[in-house]
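Before any comments, here is the structure.
The values are calculated or read from the model by the stated rules, or taken from the named source; none is laboratory data. All of these numbers come straight from a predicted model, not from anything done at the bench. All Cβ positions, glycine included, derive from the backbone under ideal geometry; neighbour counts span all protein chains shown. Each accessible area value is taken on the protein alone, full model and side chains, heavy atoms only, with ligands, DNA and RNA left out. Shrake-Rupley method; radii C 1.70, N 1.55, O 1.52, S 1.80 Å.
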Amino acid sequence: MENNRLFYVNVLAEGAKEGEQVLDHIKVDLAARAWKRGNTVVHYKLYGTETLEMKDGTKKEMLFGDVGVAKIYLPLEMAALDPKQRPSDLFKYWVSGVIEDFDIKDTGNRVLVMNRAKALKILKERNALKLRERKLYAVIQRELIGAYLVNAGGYTALLPKAYYDWDRDKKARIGEEFPVMVLPSREGAPMIVSRRDAITNPYAMLNLNKNAEVGGVLTRMNRNGTFLVEITKGVTVSVDPINMRRIPELGDFVTIRIIGNNHSGPYGVFEYATDAI
């Protein structure tokens, strides 16, 4: 069970469990004032929603959390929810925020009002250099069809499942965190990141001699007419089907002959030029 008095203080990515702080009643008062002055990005858990009366008599709908020594409130207008995102989606991971205020009516003595929108802006600003270097730190927040939704240095990005690991059988989990490489994408398109390309390919030492015959599974058909065949985990072979006796289908096992190799394939994948058998 997670410690309900935890905060994480860092600017790596939303939900990154780095910079752990365990606060008691005295420490939370001192820390909260320092965090507010410094626009410090902290990460905390949320559990539900409720409507609260403010000191000026107005009412606001809030997301709330409880860290044992203080209540956390996140006003919906400061939650920076995506159009398709529900407030309950924020319950699944550690949420970033900076302290906006302490001024709210509540039966508890200690209340921290958070601003997630401002925190995400700060995360982006402080990771701007890393973004230019195309290297960010990411936390998985949701699983989609064919991809994971991650927060990478304050940016919402897609991690295609094929780019999670060189071993395609490995699966990710919500809340998992790791370095990623930012991949090229079209202007206006979502940011695409790869965990696979930020780690060493354990299968890259495979040496294939010219004219060697190997078998593999057809995994993709490219627009240029070539096929991609995975001959072992992490090693993909580019196949020209011009000499094939028959045109295979996705998932078929095929035998191919190596005629050369190219170690500068897209995103670091080792591509081998081949003839089909």
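Yes or no: Glu50 open to solvent by less than 60 Å² (accessible area, probe 1.4 Å) and in contact with a strand residue (DSSP E or B) (Cβ under 7 Å, 6 or more places away or on another chain)? So that I can check it myself, show each step before the final result.
Details: open to solvent by less than 60 Å² (accessible area, probe 1.4 Å): yes; in contact with a strand residue (DSSP E or B) (Cβ under 7 Å, 6 or more places away or on another chain): yes.
Yes, satisfied.
For Glu18, indicate whether it is under 19 Å from Gln141 (Cα atoms), among the acidic types (Asp, Glu) and surrounded by fewer than 20 Cβ atoms within 10 Å (Cβ to Cβ).
On the way: under 19 Å from Gln141 (Cα atoms): yes; among the acidic types (Asp, Glu): yes; surrounded by fewer than 20 Cβ atoms within 10 Å (Cβ to Cβ): yes.
Answer is yes for this residue.
Yes/no per residue for (1) within 19 Å of Trp94 (Cβ to Cβ); (2) at pLDDT below 90; (3) buried (at least 17 other Cβ atoms within 10 Å of the Cβ):
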{"position": "Ile26", "(1), (2), (3)": "no, yes, no"}
{"position": "Ala31", "(1), (2), (3)": "yes, yes, yes"}
{"position": "Val41", "(1), (2), (3)": "yes, no, yes"}
{"position": "Leu46", "(1), (2), (3)": "yes, no, yes"}
{"position": "Tyr73", "(1), (2), (3)": "yes, no, yes"}
{"position": "Glu77", "(1), (2), (3)": "no, no, no"}
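Out of Ala162, Ala189, I need the residue that is under 30 Å from Val239 (Cβ atoms) and in a helix (DSSP H, G or I). Which one?
Numbers: Ala189 fails: in a helix (DSSP H, G or I).
Selected residue: Ala162, the only one of Ala162, Ala189 that is under 30 Å from Val239 (Cβ atoms) and in a helix (DSSP H, G or I).
Kindly indicate which of Leu144, Leu76, Leu81, Leu159 is in contact with a Ser or Thr (Cβ under 9 Å, 6 or more places away or on another chain) and either among the small types (Gly, Ala, Ser) or over 30 Å from His25 (Cα atoms) (or both).
Values: Leu144 fails: in contact with a Ser or Thr (Cβ under 9 Å, 6 or more places away or on another chain); Leu76 fails: either among the small types (Gly, Ala, Ser) or over 30 Å from His25 (Cα atoms) (or both); Leu81 fails: in contact with a Ser or Thr (Cβ under 9 Å, 6 or more places away or on another chain).
That would be Leu159, the only listed residue that is in contact with a Ser or Thr (Cβ under 9 Å, 6 or more places away or on another chain) and either among the small types (Gly, Ala, Ser) or over 30 Å from His25 (Cα atoms) (or both).
For Ile174, only one of the following conditions fails: (1) part of a strand (DSSP E or B); (2) closer than 19 Å to Lys17 by Cα. What is its number?
Going through (1) part of a strand (DSSP E or B); (2) closer than 19 Å to Lys17 by Cα one by one, Ile174 breaks only (1).
So that you can scan it fast, the table gives a plain yes or no per residue for (1) more than 16 Å from His43 (Cβ to Cβ); (2) open to solvent by less than 20 Å² (accessible area, probe 1.4 Å); (3) among the hydroxyl-bearing types (Ser, Thr, Tyr):
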site	(1), (2), (3)
Lys124	no, no, no
Arg134	yes, no, no
Gln141	no, yes, no
Gly153	no, yes, no
Leu159	yes, yes, no
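Pull up region 251-265, narrow it to residues that are within 35 Å of the chain's Cα centre (by Cα) and either more than 24 Å from Tyr164 (Cα to Cα) or loosely packed, with under 11 Cβ neighbours inside 10 Å (or both), then point me to the one that is modelled with the lowest pLDDT. Quick ask: steps written out before the conclusion?
To start, the set of residues in region 251-265 that are within 35 Å of the chain's Cα centre (by Cα) comprises 251-254, 261-265.
Still in the running and either more than 24 Å from Tyr164 (Cα to Cα) or loosely packed, with under 11 Cβ neighbours inside 10 Å (or both): 251, 253-254, 261-264.
On the way: Gly251: 85, Phe253: 86, Val254: 82, Asn261: 58, Asn262: 52, His263: 45, Ser264: 38.
For region 251-265, the residue satisfying everything is Ser264.
May I ask you to list the residues in region 115-147 that are at pLDDT 95 or above, under 16 Å from Tyr93 (Cα atoms), assigned to a strand (DSSP E or B) and among the aliphatic types (A, V, I, L, M)?
Ala138, Val139, Ile140
Please find, within region 26-47, the residue that is farthest from Glu100 (Cα to Cα) out of those that are of a type in the set (A, V, I, L, M) and in a helix (DSSP H, G or I). So that I can check it myself, show each step before the final result.
Of all residues in region 26-47, those of a type in the set (A, V, I, L, M) come to 26, 28, 30-32, 34, 41-42, 46.
Now restrict to residues that are in a helix (DSSP H, G or I): 26, 28, 30-32, 34.
Values: Ile26: 20, Val28: 15, Leu30: 15, Ala31: 14, Ala32: 10, Ala34: 12 Å.
Checking each candidate, the answer is Ile26.
Considering each residue of region 192-225, count those that are at pLDDT 80 or above and part of a loop (DSSP other than H, G, I, E, B), and give that number.
Within region 192-225, residues that are at pLDDT 80 or above and part of a loop (DSSP other than H, G, I, E, B) number 3.
Among the candidates Asp82, Asp89, single out the residue that is part of a loop (DSSP other than H, G, I, E, B) and either closer than 19 Å to Gly15 by Cβ or touching a Phe, Trp or Tyr at 6+ places or on another chain (Cβ under 8 Å) (or both).
It is Asp82.
Looking at the structure I just gave you, is Val69 modelled with pLDDT of 90 or more, open to solvent by less than 60 Å² (accessible area, probe 1.4 Å) and at negative phi?
Details: modelled with pLDDT of 90 or more: no; open to solvent by less than 60 Å² (accessible area, probe 1.4 Å): yes; at negative phi: yes.
It is false that Val69 is modelled with pLDDT of 90 or more, open to solvent by less than 60 Å² (accessible area, probe 1.4 Å) and at negative phi.
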